[in-house]
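Below you'll find the structure, written out as structure tokens, and then a few comments.
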Amino acid sequence: MSPVQRLHGVFLGSHAVSEGAVTTKQLKSGLYRRLMRNVYADPGLSVDHALLARAAALLMPADGVLGGRSAAPWFGANFASAADPVVVLVPPDSTWRGPRGVRAHRTALRSCEVMTTEDGLRLTAPLRTAWEVATLEPLPAAVAMLDGMVRAGRLDLDACRRDLATAHGRWRRARVEKVLPLVDGRSESPPESWVRVACARAGLPDPVPQFVVLEDGTFLGRVDLAWPEHRLIVEYEGAHHFEELQIRRDDRRYERLVAAGWRVIRLSAADLRDMDAVVRRIRTALRPLEPTG
């Protein structure tokens, strides 16, 4: 079996050449995709953050460990982008800096906080991954990743709270204290999490994620976010919502909801570029209606 096959399509160019699996000419010709210095991949593989984490794992020192956003994909939260540096944890006295595209984070790890996957990747265990996510990521991104880990059944939120309770004096404990109360595994996508965080930071009432709308026992739909007492719904529409068949389905569903007295705010990726405007729309919709007459 070639080095390419052994490493799931990600390999060190120098090793592959020395073992005769590829030639230097093939590497330079662009036949394989260059991910990092001396690390290549089968061009058929999708370049996401998890693939880049695999690349970094081939370069990190023996005491290095994938952590934070770069361990999260193995626990149900592959939400970091390919543009985000891969996070590698190394001991406090390590001099390794990593290649371009890698962030070396110096910190002490206990043996119980490190695990090895079936294919040999060293990464932080879920609880420690959650801590690094909470301390290193911006608040909305941290909440989205932890939501995903909880939803996937890979992170015990109660265990996180117990960990926090005993973490007196630990680095950036205050950041974790801000993140954990916002985590809700019912959210099914990062945009839902981002909107929830924006509402919380603005002092708005908490929405119910993935709310099931029933009217007189009739199921009208399961919606991303809802404020039932205000009969307000917020729906995020990803790219698949703009396919012709899905548009018709969505329109019929929204018509049923509106007919039943619900108000619906529909958000797209473009809307999320201005979260302040999103919050203003929601705040306005949550205000009590002025009496008429």
- Task: List every residue pair whose Cβ atoms sit under 6 Å apart, with the two residues 6 or more apart in sequence or on different chains, where the first one lies in segment 208-237 and is aromatic (Phe, Trp, Tyr) and the second, anywhere, is surrounded by 16 or more Cβ atoms within 10 Å (Cβ to Cβ) and assigned to a loop (DSSP other than H, G, I, E, B).
- Result: 227/207
- Verdict on residue 137 being in contact with a strand residue (DSSP E or B) (Cβ under 7 Å, 6 or more places away or on another chain), farther than 28 Å from residue 285 by Cα and surrounded by 22 or more Cβ atoms within 10 Å (Cβ to Cβ): no
- Item | Members of segment 137-175 that are part of a loop (DSSP other than H, G, I, E, B) and closer than 17 Å to residue 197 by Cα | 137, 138
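Tell me the residue from 256, 281, 196 that is part of a helix (DSSP H, G or I), over 30 Å from residue 78 (Cβ atoms) and not aromatic (Phe, Trp, Tyr), please.
On the way: 281 fails: over 30 Å from residue 78 (Cβ atoms); 196 fails: over 30 Å from residue 78 (Cβ atoms).
Answer to the selection: 256.
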- Hey, can you tell me all the residues within segment 176-185 that are among the charged types (D, E, K, R) and either assigned to a helix (DSSP H, G or I) or surrounded by fewer than 16 Cβ atoms within 10 Å (Cβ to Cβ) (or both)? 177, 178
- Could you please let me know if residue 56 is surrounded by 15 or more Cβ atoms within 10 Å (Cβ to Cβ), within 20 Å of the chain's Cα centre (by Cα) and closer than 18 Å to residue 15 by Cβ? yes
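For segment 250-272, give me each residue that is basic (Lys, Arg), over 24 Å from the mean Cα position of the chain (by Cα) and at pLDDT 90 or above.
256, 263
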- Query: Which one of these is out of contact with any Gly (no Cβ under 7 Å at 6 or more places or on another chain), touching a residue at least 60 places away in the same chain (Cβ under 8 Å) and not polar (S, T, N, Q): 98, 169, 153, 185?
  - Reply: 153
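The values are calculated or read from the model by the stated rules, or taken from the named source; none is laboratory data. All of these numbers come straight from a predicted model, not from anything done at the bench. Heads up, the Cβs are rebuilt from the backbone with ideal geometry, glycines too, and the neighbour counts pull from every protein chain shown.
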